[in-house]
Every structure is written in C-alpha cells, then in structure tokens.
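Reviewing the structure listed below.
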Amino acid sequence: MVDKPDGKKQISIKINGEKTEYEEDIRVHDWKLGNAEAAAGEEKLEDTGFDWNLADETPPPPKEYKKINYVSGKKKKNKKSFKNPFQDSINLIMSIIGAVVVGAVLGFGTLKVITNTDGEAAPAATLQDETSAGMTEGNESAGSVKLKELSTAILQGGVFSTKESLAAMQDTLTSKGISSASVEKDGQWFLLLGVSADVETAKLLGEDLKGDGVDVYAKDFQLGAKEIKASNNEKAFLEKANGLYAILAEESSNGVVSGKGNESAAGSIEPVLKEIEAIEVTQEPIVKMKESIQNAAKQTVTMKTKEDAEKVQGDLLGYLESYSSLQ
C-alpha cells in the first residue's frame, strides 16, 4: 500500500509479475448507525404481529390410512354361457311324456279297482231294464243320433211326385176301409198298403187287395240311414222298436193270409213291449211311433182273426210313416 500526496491510500497488486494499481475510497461505516437501523428493523417486525410457530421436537404420529376398494363404473360383462336352442322343446316333450305316464298309471289303477269291485255279469235282460230306467231320468239330454237302415217288404200302391196327389188317393182307399201310409223317399212319395217280413208273403197280401180293385206291387223297401236329434231315451226306444217291428210285420202278414194268430209269438213280443213301455219319449213323431208299435204288439199277442191282423197292419203302416218323417 502506497500513500499518495493528497492523503489517499493506493493499493498495488502484482498479477503474473505485472503491477496493477487500484484506487478505492475507503468507506467508514458507523457501527452505531448500523445498530440503530437494526433496532428499527426489529421494531418493524414487532409491529407486524408475526407469530413464529416452531415445530415441536417430537413429530406427530403418521395418519392412519384405510384401504379403499374402488368400484369401476363399468360393469363386468358376464361370460356368455351356451344355451341349447332345443332345451325348451325337450322340456315340453318330457312334460307331456310325464303327464301321459301319470294318466296311464291312474287309469290302470281305476280300471283295476272297478274290475275288482264288479260282481258277476248281469243277464242281458237285466241290463236292458236298468238302461231303460236310467234313461228316464236323463231324457232332456238330446244329441245327434244315427239311425240304421230299416228294411222291410211292402205292398206299394203307387209313386207320386207330390204329397197332395198321394193324399187324394189315400182318401179313396180310406173310403173302402183300406189302411195306407205315405212315405217320402228320394224326393218322391210312396203309397204303402201293407208290410211283411218277406216279398213272398207280401205278394199273398196283395191278392186280397186286387180283389178290391186296387193295383199293388210287392217289393223290398228300404228307409235309408239318417242322423236325427234325439235324447238318450228316444235313441234306446228306436233301437228296440225297430227290432220289434220286424217280428210284428211277420206275424200280422201271416195272420192276414192264414186268418189266425200265433199263440207262441207272445213269448218274443211281451218282454220287448214291457221295455218299450218303460221308455219316455217327447218328440211328436217318436211319440206317435211308440203308440203305433205298442198297439200293434198288444193286438198281435191277442190276435185271433184276419180282421185282427189287418188292424195290426194299419198300426205298422203308421209306424213307418212317422219313422220316415224323423229329422
């Protein structure tokens, strides 16, 4: 350091052997002034009201963290399982088979019980009597009944296209005391003057009528099968009455030809007549048929003369006329 004439000090520094001179004013700081500034700074800090919070020496325990299971907003897709397309059909078939098996087992059991409880078979006549009596209570149950073809031998007095023209001929015959019946078949009207079990006997019947000036023709005649509305009672009556008609036609035609009755015929007529009388019928044509067949049966049992047999013939003609009108 070199003192200069003006009283300023000069510092000389050699750097790499070279001398460099610096002039610097030496500043003298008043330490008292520094203390005053520091005190003022402290006052300002105190005025701000700043609180110093120092951490405790012992750190607080760490917070307890609970594990949270987050559920994703997207639902997991269920794995597709294979479904048999025929499963519903198989289930339905198995249900049907099960129902059939159960029904068969129950039916077999019921049949076995009925079979075991049945006694000895009742005679045919007894079964028919019970049927007739039972049907009297259920007469109101009408249904469709199919009638079988009714065949008989007849004396035909003519065939007419209208019922009116036939009716005129009937009036003429009635005036002569000859019984007749009008029967419609295949759109034509047949005039019947007598009935028999066979054509040969019918021809013998016709000999008497020819003597009265009436032209007749013996032939086989069929009233075709038909379906009608009838109750159970009426169905039973028609089945029994048609069978009895065949017996009465044979006995009455033989009675007209021979002029006498057959005492042994009562054994085959009376049991059936009893059954028919016990059957209740309501339809008007069937009611007329019942009256005709009952009268014919009773007269045949007591038949003694040709005139008695002719009355039976008249009732049987009325039976056929009512039968042909059934619908």
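The values are calculated or read from the model by the stated rules, or taken from the named source; none is laboratory data. Every value quoted in this text rests on a predicted model; they were computed, and no experiment measured them. As a convention, Cβ positions derive from the backbone with ideal geometry for all residues, glycine included, and neighbour counts pool all protein chains shown. Just the protein is used for accessible areas: all its heavy atoms, side chains included, with ligands, DNA and RNA removed. Shrake-Rupley method; radii C 1.70, N 1.55, O 1.52, S 1.80 Å.
Just to be sure, is I247 over 39 Å from the mean Cα position of the chain (by Cα) and of a type in the set (V, I, T)? Break it down into steps so the answer makes sense when it comes.
Numbers: over 39 Å from the mean Cα position of the chain (by Cα): yes; of a type in the set (V, I, T): yes.
Yes: the conditions hold for I247.
Can you give me the ranges of the helices (runs of 4 or more DSSP H) entirely in the range 223-327 with at least 1 residues that are within 19 Å of A202 (Cβ to Cβ) and open to solvent by less than 70 Å² (accessible area, probe 1.4 Å)?
On the way: elements: 232-258, 266-277, 284-301, 306-324.
Where helices (runs of 4 or more DSSP H) fall fully within the range 223-327 and carry at least 1 residues being within 19 Å of A202 (Cβ to Cβ) and open to solvent by less than 70 Å² (accessible area, probe 1.4 Å), they are 232-258, 284-301, 306-324.
For the range 181-199, what are the residues that are in contact with a strand residue (DSSP E or B) (Cβ under 7 Å, 6 or more places away or on another chain), assigned to a loop (DSSP other than H, G, I, E, B) and not acidic (D, E)?
Within the range 181-199, A197 is the sole residue that qualifies.
Could you go through the range 238-259 and let me know if any residue there is more than 17 Å from S144 (Cα to Cα), touching an Asp or Glu at 6+ places or on another chain (Cβ under 8 Å) and among the β-branched types (V, I, T).
Looking through the range 238-259, at least one residue is more than 17 Å from S144 (Cα to Cα), touching an Asp or Glu at 6+ places or on another chain (Cβ under 8 Å) and among the β-branched types (V, I, T).
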